[in-house]
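What follows is a single structure, written as structure tokens, with notes after it.
The values are calculated or read from the model by the stated rules, or taken from the named source; none is laboratory data. Note that the coordinates shown come from a computational prediction; the quantities given were computed from them, not determined experimentally. Cβ: placed from backbone, ideal geometry, glycine included. Neighbour counts: every protein chain shown.
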Amino acid sequence: MTHRPTVITFDTASLDGRLTIAPDVLLLYGDERWPVTEDSSGAYRQILDTFKPQVTLEGSGSFILEGMEPEPLPPVEGDPAPLYKDFLPEAVLNRPNQDGWFTIVDGRGRVRWLYTGEPGKGYPGMEGWHLLVCVGHHTPPEYLAYLRRENVPYLVAGSGHVDLITALEKLSAKLGVERVLSTAGGRLNGALLRAGLVDEVNVEFFPGIIGGPETPALFDAPALQPGEWPTRLTLLACQQFDNGHVWLRYRVNG
Ligand SMILES: NC(=O)c1ccc[n+]([C@@H]2O[C@H](COP(=O)([O-])OP(=O)(O)OC[C@H]3O[C@@H](n4cnc5c(N)ncnc54)[C@H](OP(=O)(O)O)[C@@H]3O)[C@@H](O)[C@H]2O)c1
């Protein structure tokens with residue numbers, strides 16, 4: 001069997017499992033109603049320090065809302081086939097600081113990047129991180145050409161959606177990745193969970209309830225079908241903080 005990295009998830013959520021304030025709110029841009037900050041508990045920092053991820057994973061949903069039109073890209077001239085090969089430029093692979101990959105699943109090629117190298121700059125311990133995008137054979141060629149122009153490495157896996165199993169296997173085989181921390185929203189983490197790719201779940205709950213049936217929530221996977229069972233977990237740790245936050249750590253039962 002091809003080797004796959006260990007994958008753990010970390011999210012901050014309201015007690016009712018909501019990951020943001022409302023369907024049209026991307027936390028990336030901040031919202032004063034969202035009560036979790038880096039200092040709320042230190043859980044995220046502790047995970048970085050102990051787990052030492054080589055990849056942090058996000059979905060395109062953290063950067064662009066569904067229904068929002070991404071900025072158009074110029075058409076590709078000539079044969080697009082060569083674009084559908086993994087793009088791992090030597091200059092990025094051999095950069096002086098190679099601490100990790102800020103990895104985004106973006107099969108539909110919707111996210112435009114203002115900042116490609118060292119997204120962790122100014123963030124202690126994450127200076128040597130570089131953007132990497134997971135795409136598929138269904139990704140528009142214009143987007144792959146754009147990533148190449150911007151010198152953003154990418155891995156091609158699957159069709160229809162990014163094949164998460166293949167993407168993780170490529171991260172291991174091509175980049176030596178052993179540890180992945182997914183801080184994605186509910187749909188990507190839900191897909192990872194349903195594909196049996198999550199080893200550990202971490203949630204920092206804050207004492208608040210948001211509601212909203214359309215508001216992104218923890219593990220927004222498709223509904224269980226008859227005969228499918230809930231994912232069973234084993235509690236590894238539970239940490240309570242003075243501000244009422246609780247950090248739960250669960251191992252996903254194999
Ligand atoms: N509180 C927190 O800790 C936290 C963390 C992260 C995000 N958020 C918030 O959560 C929201 C985003 O969450 P979301 O659930 O909308 O987005 P998301 O988790 O980013 O999920 C969408 C991404 O998952 C991919 N995906 C979905 N199903 C898949 C499958 N079966 N196989 C492979 N890839 C699949 C999609 O790919 P396609 O393009 O192919 O569909 C897309 O890239 C935002 O509001 C953000 O601010 C909160």
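So here's what we get for this one:
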| quantity | calculated |
| --- | --- |
| Test: residue in region 55-63 that is part of a loop (DSSP other than H, G, I, E, B) and within 14 Å of the ligand (Cβ to nearest atom) | yes |
| Residue match in region 41-50 (condition: in a loop (DSSP other than H, G, I, E, B), surrounded by fewer than 20 Cβ atoms within 10 Å (Cβ to Cβ) and of a type in the set (Asp, Glu)) | no |
| Filtered residues of region 53-112 (kept if of a type in the set (Gly, Ala, Ser) and either touching an Asp or Glu at 6+ places or on another chain (Cβ under 6 Å) or surrounded by 13 or more Cβ atoms within 10 Å (Cβ to Cβ) (or both)) | 59, 60, 61, 62, 100, 107, 109 |
| Count of residues meeting criterion [surrounded by fewer than 18 Cβ atoms within 10 Å (Cβ to Cβ) and more than 9 Å from the ligand (Cβ to nearest atom)] in region 153-165 | 2 |
| Out of 23, 5, sole residue that is at pLDDT 95 or above and more than 8 Å from the ligand (Cβ to nearest atom) | 5 |
| Subset of region 11-20 that is of a type outside the set (Asp, Glu) and within 7 Å of the ligand (Cβ to nearest atom) - its residue that is surrounded by the fewest Cβ atoms within 10 Å (Cβ to Cβ) | 13 |
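Table: residues versus (1) part of a loop (DSSP other than H, G, I, E, B); (2) surrounded by 14 or more Cβ atoms within 10 Å (Cβ to Cβ); (3) more than 23 Å from the chain's Cα centre (by Cα).
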site: 181; (1), (2), (3): no, yes, no
site: 184; (1), (2), (3): yes, yes, no
site: 192; (1), (2), (3): no, yes, no
site: 238; (1), (2), (3): no, no, yes
